[in-house]
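Can you read through this structure? Questions will come right after.
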Amino acid sequence: MRAPQLSLVVPAFNEVATIQRTLRAIGEYLAPRGITYELIVAADGTDGTREAATALAGALPVTVMGAPERRGKGRGVREGVLAATGAIVGFLDADYKVTIDEIEKVLPWFDQGFDVVIGSRKAAGAALHARRPWYRTAGSAGFALLMRPLVGLYGIGDTQCGFKFFRRAVARDLFARQRIDGYMFDVEVLSLAVRAGYTVKEIGVSWQDDGDTRLKLVSGNWKNLKDLFRIRFGRAKAA
């Protein structure tokens, strides 16, 4: 079979309430536009997310992977990307904070020669449709102040938006070397891309905050800090 134009990895942890709606919305948008695609759901957890996604396999080009235990978003995205066959490979979150129609802003930049195109809540044209609690906003600002000098990603305004796309060869190169299993995998991948000399384009996207976060305030941020040091000093590894 001919490889699809687009591979979309959808990482999910206990997202049974949203996964079918998200997958259907993606298909309903791409199919009428003649974009060939595949969906790879990387779902950890025991709430039935994998089963719900598998139930759509007859109607949508869906492949499902994952495990009962929580292995980390970074690991799920990595395994999904390395299984992808599309010319452009990317990921978006199961809770659909960034909707698939934003892909129209992404694809033209590949035609202009960019290797990596990432969604941003801070670049020109971004639109935020809900306010986050003050402590999450403050936490993000503090994270950026620490991350940038530590890792060196000064030219990227938003490393954590879950809407990123890569040329297939670039995706395979980066994710074959990516090792962080947790949330800092975005930083690791972008750091690898910059160091490898790949061209990165950051574009503003429309983003809806649903108020749900899976990050534990203390233990989660402590793990993120340790992962940043692993990225900085070349000791990134699965935890």
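Rule-based calculations on the coordinates, nothing more; no lab input. The structure presented is a predicted model; accordingly, all values stated were derived computationally and were not measured. Here the Cβ positions follow ideal geometry from the backbone for every residue, glycine too, while neighbour counts run over all protein chains shown.
Given R₀ = 35 Å, what would the calculated FRET efficiency be for Arg148 paired with Arg24, taking r from the Cβ atoms and rounding to 0.05?
Computed FRET efficiency for Arg148 and Arg24 comes out at 0.35.
Here is a further query. What is the magnitude of the charge dipole of the range 1-47 about its Cα centre, with +1 placed on the Cβ of each Lys and Arg, -1 on the Cβ of each Asp and Glu, and no other charges, expressed in debye to the nearest 20?
Result for the range 1-47 is approximately 280 debye, rounded to the nearest 20.
Got a sec? How would Ile156, Ile19 order by Cβ neighbour count within 10 Å, fewest to most?
Ile156, Ile19
Would you be so kind as to identify all helices of the chain, as entire DSSP H runs, whose Cα atoms reach 18 Å or more along the helix's own axis and whose mean Kyte-Doolittle hydropathy is at least 0.5?
Span-like helices, by this rule, are 134-151.
May I pose another question? Under a Cβ-only charge scheme (Lys and Arg +1, Asp and Glu -1), can you give me the dipole magnitude of the chain about the Cα centre, in debye to the nearest 20?
For this selection, approximately 880 debye.
Let me ask something else. What length, rounded to one decimal in nm, is gained on full extension from Lys122 through to Ala196, with 0.36 nm per residue of separation minus their alpha-carbon distance?
24.2 nm
Could you work out the helix-only [θ] at 222 nm for the chain, with each DSSP H run of four or more residues adding -39,500 (n - 2.57) and the total divided by the number of residues, to the nearest 500 deg cm²/dmol?
-12000 deg cm²/dmol
Next question, about the same structure. Between their Cα atoms, which of Lys97/Lys122; Lys164/Lys201; Lys122/Lys223; Lys164/Lys223; Lys122/Lys164; Lys73/Lys201 are more than 18 Å away from each other?
Lys122/Lys223; Lys164/Lys223; Lys73/Lys201
First obtain the Kirkwood hydrodynamic radius of the range 6-232 from its Cα pairs, then insert it into the Stokes-Einstein equation at 20 °C and 1.002 mPa s, and state the resulting D in µm² per second as a whole number.
Rounded, D is 121 µm²/s.
Given the options Trp109, Ala123, Thr46, identify the residue whose Cα lies farthest towards the positive end of the charge dipole of the range 34-131 (+1 on Cβ of Lys, Arg; -1 on Cβ of Asp, Glu).
Of Trp109, Ala123, Thr46, it is Ala123.
Now for a separate question. Please list the equivalent ellipsoid semi-axes of the range 23-110, computed as the square roots of five times the alpha-carbon gyration tensor eigenvalues, in descending order and whole angstrom.
Equivalent-ellipsoid dimensions as semi-axes: 22, 15, 12 Å.
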